[in-house]
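The values are calculated or read from the model by the stated rules, or taken from the named source; none is laboratory data. All of these numbers come straight from a predicted model, not from anything done at the bench. Cβ placement follows ideal geometry from the backbone for every residue including glycine, while neighbour counts extend to all protein chains displayed.
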Amino acid sequence: MADALIEHLLRRAGFGGSPADFGVYSTMSYAAAVDRLVNYERVPDDVDANIGQPGYVGTTSNGPFLPNTVINDARQRWLFRMLHTNRPLQERMTLFWHNYFATGYSKVSGAVGPDDGTRLMAAKQTDDPLRQKGQMELFREKALGNMRDLLISVAQDPAMLIWLDGNTNTKRNPQENFGRELMELFSRGVGFYTENDVYAAARVFTGWNLQITRTPTPTNPNALSYQFIYRPENHETAAKTFSFPIYSDGGSTIPSRAASDGLQDGIDLISALAAHPETARRLAGKLYGFFVNETASPSSATIDQIAGVYRQSGGNIKAVVQSILLSAEFADSSSFFMRYSWPVEFVVRSMKETGWTGFSLGTTLSPLVNMGQQLFEPPDVAGWDLGQSWFSTGMMLARMNFASTLAANQKFRLATAAASAKQSPQELVSFMVDRITPASIKSMYGDLVAYASSGATWTGSDAQMQTKASGLAHLILGSAEYQFI
Amino acid sequence: MITRRSFIKNGVTAFTVGFAAPAFVSDLARAQGAASRNLVILDLGGGNDGLSTLVPYTDPFYYNRRPTLGIPPATVLQIGSDSSGKPLGLHPRLTGLRDIFGQGRLAVIQRVGYQNSSRSHFTGTDIWSTAIPSNSQGAGWVGRYLSSLQAQTLLDPLAAWAAVGETPHAFQASGVGVATIPNTQTYAFASPNILVPGEPQLARAAAANIASHVPIDQPHLAFVGTTVQQAMATLDRVALVGTYRPTVIYPNNGFGQALQMIAGVMAKQIGTKVFFVQTGGFDTHASQDTTGANGAYVRLMATLNDGLLAFYNDLKNTGLLTETLLLSFSEFGRRITENGSRGTDHGAASVMFAMGGLVRGGIYGTAASLDPNPGNPTLENGGGDVTFENDFRAAYATVIDNWLGGNSASVLGGNFKKTSLAFV
């Protein structure tokens, strides 16, 4: 049971566990395992150094691997981190925020070109000649940080300023896009703001623009640096009144300020939104679905409890996530496998359990598109439609076919690993379902044994083991039961 | 969109795990009680700027309020005047649609919307999808129509086909399976042992067996298991679509290829009658550029025009045009006055297109006056946005009653029929 709980924890707070991962975590108490996952800053962040090293999954590029400037390489670097990181919760929360503040590479690259578009989405600051920090690095840095702090950083993030048109928001012509989504999707939610609030929010953020500076580097005389800038001359200084309180005294009007002080308008609005109880409840609902259970609506007591931690901690996401992972509801076996896996979660867990040596992340990119989840390209600012929306017939076939590709790639290694189980089809099935773990094997066990026994008479030869081990991996990974985490 | 998920979740408790065995090809047509008819719903995602699609090129306020986005009168494709006498023109890039209009097979419906129009993409899409402005989280309007047929006969999983990545809200309904297939090439069953004789067949049989155990006490597992079953059961028919050879060359973009696939589904007669297709990018807050050679809105119109023209000609050549109706929608129109980013923000009413061999072409509805005077009754939001004249549910009612032979009052939950909108 303890092992089942640790496996559950690794599926939810990480991307599943490889045999080696279980070796690390199964020696710990549950509380110690949660502590290690949540306090990941104690674990070295050295995963990128392993890219290209033997023993790790491979990558495929057109030319050199350039994850800071080529979007498909950035996708592969992120998948590499998900698979091999020793800080799995940090990557998982980064993915959560990517969906929460869903920003699409195509619009950003349409504005600044593919290289700079990739930089703004994914550049690692220490790798970039101009110290540009991509949006996902912002999410990683603040993955378990403070919500108000994160909202302010996102509002000033160059990719976001392009994505929701903040870079063109001026007092002459206020731009509503960011202000609307800030209230509808990033904080309080639809139904808790009015159209007049949208117009007011647009004016609040007038002058929150983007500065693009030509900054020659030794290798690129035309290199550009992208920075948030507050332009007082573009700011609307009149007071802005909202339908909800902005200040702790209940005041709902952001006062008229000198243009030079107008940056504070946006800080006031974001601070109010971050502290609002509906923001807490909305985020609580999303985190519950992400971590605990997607098949039943949470009770209002559960949401109140999570939202309460948010409010008492002043919007500290680490405190909120830690309380979720330590809750009785999370640890109860009725929550196991009650979460529809996202395509990237399915792909990474499949590799963790089946194997990755000799496999390339380049092979996952096009299947992920067919499964409905291309990293850095959410369908719109509301992010991906989750849960059952991942499971159309076409998207399910894409999962089954990825399972086939991975199983074919790993057939020799699977057969070698399963050598001790070559006595009979039953032995082989037992080995495989122990390694590749669906929600339940109850209804599929007989079919798997029948499949393993079908075709040529059982000899346990190398060729037969390769065929049937990979065939079983394909069937298990492609089953309905495996699509849950 | 957590609310939508909770809807689906509620729906699944009543999910029917079985699906139709063969003989489905004619089931839908029989249930329709009408000749075999195809319906294609086209979603212009992002909120289409109707005033750039159908240009009121004699309204001085149009040019005053759109100093950079106004389309010069000399370039619009004039298609006559509406019943109020206001001359109108299509966007200059819509030459194919102008020709179809000239053949009397395109209806342009003006100022379609509803009261208190939502300016949210998500709520707006939900409202257009459900046709229930007051409660837009339930089943979609096409889904409810399919559901009403299901009462008479169990629907085949390919009865409805969404040529997009996920089931559109308009097609969702409890117990109604919708094939979501953006591309038929990847809709196939692979095996890791293709070189081992017999193995692919054994794997396929095993996958079907595994999916046949549907735990009805666990709706989430049942849902995915049923999806696998339906995928397995439809592989061979979908593969047929890939063998379709169109009579025209479709544009090599997502929209054009999706329309080619839909024409293939129709031509191969694999049983689907209701389709969903989308082309996006209409959320033109900035640099909308309605006239430049490579302007953002010009590219949107090019994609729309070239795809629809190829589809129209292909269906005409194969004799399927008279059996087909295409209806477009978008979640809202856009603000009349352009913003400082040379774009337009979220607005209210917009235009719809209906295209097909039995469409009564022409201009339906009357244009708004764009006079910003807050008392102007054709505008709302203090003269900021175009207000609706035709309830979108009236357009749906025409499709349900006149085209599908259904009962719009029962599907839409009220009588929205409008005789002036009998475009088919």
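Give me the residue from region B:231-241 that is surrounded by 18 or more Cβ atoms within 10 Å (Cβ to Cβ) and not aliphatic (A, V, I, L, M) and, out of that set, farthest from the other protein chains (Cβ to nearest Cβ). First the steps, then the outcome.
First, pick out the residues of region B:231-241 that are surrounded by 18 or more Cβ atoms within 10 Å (Cβ to Cβ): B:231-234, B:237-238, B:241.
After this cut, where a residue has to be not aliphatic (A, V, I, L, M) as well, the list is B:234, B:237.
Working: B:T234: 6, B:R237: 12 Å.
Looking at residues that are surrounded by 18 or more Cβ atoms within 10 Å (Cβ to Cβ) and not aliphatic (A, V, I, L, M), I get B:R237.
For region A:110-131, does any single residue satisfy the condition of being outside any loop (DSSP other than H, G, I, E, B), more than 29 Å from A:G262 (Cα to Cα) and within 14 Å of chain B (Cβ to nearest Cβ)?
Within region A:110-131, one or more residues are outside any loop (DSSP other than H, G, I, E, B), more than 29 Å from A:G262 (Cα to Cα) and within 14 Å of chain B (Cβ to nearest Cβ).
Would you confirm whether any residue within region A:354-362 is in contact with a Lys or Arg (Cβ under 9 Å, 6 or more places away or on another chain) and in a helix (DSSP H, G or I)? Full working, then the answer.
So the first thing to find is which residues in region A:354-362 are in contact with a Lys or Arg (Cβ under 9 Å, 6 or more places away or on another chain), and the list is A:354-355, A:357-358, A:361.
Restricting the remaining residues to those that are in a helix (DSSP H, G or I) gives A:354.
Yes - at least one qualifying residue is present in region A:354-362.
Return the residue satisfying two criteria in turn: it lies in region B:259-281 and is of a type in the set (A, V, I, L, M) and assigned to a helix (DSSP H, G or I), and of such residues it is farthest from the other protein chains (Cβ to nearest Cβ). Before you say what the answer is, go through the steps one by one.
Here is the first cut: in region B:259-281, the residues of a type in the set (A, V, I, L, M) are B:259, B:261-263, B:265-267, B:270, B:274, B:277.
Filter once more, so that each one left must be assigned to a helix (DSSP H, G or I): B:259, B:261-263, B:265-267.
Working: B:L259: 17, B:M261: 12, B:I262: 14, B:A263: 18, B:V265: 13, B:M266: 19, B:A267: 20 Å.
The qualifying residue farthest from the other protein chains (Cβ to nearest Cβ) is B:A267.
Taking B:A348, is it farther than 28 Å from B:A258 by Cα, of a type in the set (A, V, I, L, M, F, W, C) and within 19 Å of the chain's Cα centre (by Cα)? Let's see the steps before the verdict.
Numbers: farther than 28 Å from B:A258 by Cα: yes; of a type in the set (A, V, I, L, M, F, W, C): yes; within 19 Å of the chain's Cα centre (by Cα): yes.
The answer is yes for B:A348.
Restricting to region A:220-233, give me the number of residues that are assigned to a loop (DSSP other than H, G, I, E, B) and closer than 17 Å to A:A123 by Cα.
Let us first name the residues in region A:220-233 that are assigned to a loop (DSSP other than H, G, I, E, B), namely A:220-223, A:231.
Remaining after also requiring closer than 17 Å to A:A123 by Cα: A:220, A:223.
Counting residues in region A:220-233 that are assigned to a loop (DSSP other than H, G, I, E, B) and closer than 17 Å to A:A123 by Cα gives 2.
Select from region B:242-258 the residues that are part of a helix (DSSP H, G or I) and away from chain A (no Cβ under 12 Å) and list them in ascending order. Spell out the reasoning first.
Taking region B:242-258 and keeping what is part of a helix (DSSP H, G or I), we get B:254-258.
Those that are part of a helix (DSSP H, G or I) and away from chain A (no Cβ under 12 Å): B:F255, B:G256, B:Q257, B:A258.
So A:I306 clears everything in (1) over 23 Å from A:F186 (Cβ atoms); (2) touching a helix residue (DSSP H, G or I) at 6+ places or on another chain (Cβ under 7 Å) except one condition, right? Which one?
It is condition (1) that A:I306 fails.
Can you run down the residue pairs with Cβ atoms below 6 Å, 6 or more apart or on separate chains, where the first is in region A:143-169 and more than 14 Å from every other protein chain (Cβ to nearest Cβ) and the partner is assigned to a strand (DSSP E or B)?
Close Cβ pairs (under 6 Å, with a partner that is assigned to a strand (DSSP E or B)) amount to A:N146/A:N316; A:Q156/A:F228; A:P158/A:L210; A:P158/A:Y226.
Enumerate the pairs (first residue in region B:89-106 and buried (at least 22 other Cβ atoms within 10 Å of the Cβ); second residue anywhere and modelled with pLDDT under 95) with beta-carbon separation below 7 Å, excluding pairs fewer than 6 apart on the same chain, so at least 6 apart or on different chains.
Every condition considered, no pair remains.
Checking the structure you have, find out if any residue of region A:281-289 is of a type in the set (G, A, S) and outside any helix (DSSP H, G or I).
To start, the set of residues in region A:281-289 that are of a type in the set (G, A, S) comprises A:284-285, A:289.
Filter once more, so that each one left must be outside any helix (DSSP H, G or I): none.
No: zero hits.
Quick one: which helices (runs of 4 or more DSSP H) lie wholly within region B:111-230 and hold at least 2 residues that are farther than 30 Å from B:I336 by Cβ and at the interface with chain A (Cβ under 10 Å from one of its Cβ atoms)? Write out each step before concluding.
Numbers: elements: B:121-130, B:141-150, B:199-212.
Filter on region B:111-230 gives B:199-212.
Take the residues of region A:453-485 that are more than 7 Å from chain B (Cβ to nearest Cβ), out of contact with any Ser or Thr (no Cβ under 6 Å at 6 or more places or on another chain) and among the aliphatic types (A, V, I, L, M): which is surrounded by the fewest Cβ atoms within 10 Å (Cβ to Cβ)?
The qualifying residue surrounded by the fewest Cβ atoms within 10 Å (Cβ to Cβ) is A:A463.
Enumerate the pairs (first residue in region A:297-320 and under 15 Å from A:R148 (Cβ atoms) and at pLDDT 95 or above; second residue anywhere and surrounded by fewer than 18 Cβ atoms within 10 Å (Cβ to Cβ) and among the hydroxyl-bearing types (S, T, Y)) with beta-carbon separation below 6 Å, excluding pairs fewer than 6 apart on the same chain, so at least 6 apart or on different chains.
Every condition considered, the pairs that remain are A:A319/A:S313.
What are the residues in region B:395-424 that are buried (at least 21 other Cβ atoms within 10 Å of the Cβ) and part of a helix (DSSP H, G or I), if any?
Those that are buried (at least 21 other Cβ atoms within 10 Å of the Cβ) and part of a helix (DSSP H, G or I): B:A395, B:Y396, B:A397, B:T398, B:V399, B:I400, B:W403, B:S408, B:V411, B:L412, B:L421.
Pick from A:A319, A:A272, A:A331: which is touching a Ser or Thr at 6+ places or on another chain (Cβ under 6 Å), away from chain B (no Cβ under 14 Å), small (G, A, S) and at negative phi? Working first, answer last.
On the way: A:A272 fails: touching a Ser or Thr at 6+ places or on another chain (Cβ under 6 Å); A:A331 fails: touching a Ser or Thr at 6+ places or on another chain (Cβ under 6 Å).
Result of the check over A:A319, A:A272, A:A331: A:A319.
Can you pull out the residues in region A:9-39 that are among the aliphatic types (A, V, I, L, M) and either modelled with pLDDT of 95 or more or in a helix (DSSP H, G or I) (or both)? Can you show your working first?
Quick first cut of region A:9-39, residues among the aliphatic types (A, V, I, L, M) only: A:9-10, A:13, A:20, A:24, A:28, A:31-34, A:37-38.
Correct list: A:L9, A:L10, A:A13, A:A20, A:V24, A:A31, A:A32, A:A33, A:V34, A:L37, A:V38.
What single numbered condition from (1) in contact (Cβ under 8 Å) with a residue 24 or more places away in the chain; (2) in a helix (DSSP H, G or I); (3) facing chain B (nearest Cβ under 10 Å) fails to hold for A:A450?
Failed condition: (1).
Residue by residue, here is whether (1) charged (D, E, K, R); (2) under 22 Å from the mean Cα position of the chain (by Cα); (3) farther than 26 Å from A:N177 by Cα holds:
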{"site": "B:P251", "(1), (2), (3)": "no, yes, yes"}
{"site": "B:I262", "(1), (2), (3)": "no, yes, yes"}
{"site": "B:K268", "(1), (2), (3)": "yes, yes, yes"}
{"site": "B:G271", "(1), (2), (3)": "no, yes, yes"}
{"site": "B:G280", "(1), (2), (3)": "no, yes, no"}
{"site": "B:D283", "(1), (2), (3)": "yes, yes, no"}
{"site": "B:A286", "(1), (2), (3)": "no, no, no"}
{"site": "B:V298", "(1), (2), (3)": "no, yes, no"}
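Give the residue, chosen from A:N370, A:N409, that is over 17 Å from the mean Cα position of the chain (by Cα), under 18 Å from A:W342 (Cα atoms) and at the interface with chain B (Cβ under 9 Å from one of its Cβ atoms). Break it down stepwise before answering.
Numbers: A:N409 fails: under 18 Å from A:W342 (Cα atoms).
When all the criteria are applied, what remains is A:N370.
Conditions tested, residue by residue: (1) at pLDDT below 95; (2) over 19 Å from the mean Cα position of the chain (by Cα).
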| site | (1), (2) |
| --- | --- |
| B:R37 | yes, no |
| B:I41 | no, no |
| B:L51 | no, yes |
| B:P56 | no, yes |
| B:Y62 | no, yes |
| B:R65 | no, yes |
| B:T75 | no, yes |
| B:I79 | no, yes |
| B:G89 | no, yes |
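Kindly state which helices (runs of 4 or more DSSP H) lie completely within region A:149-214 and contain at least 3 residues that are within 27 Å of the chain's Cα centre (by Cα). Let's see the steps before the verdict.
Details: elements: A:158-163, A:177-184, A:195-204.
Result: A:158-163, A:177-184.
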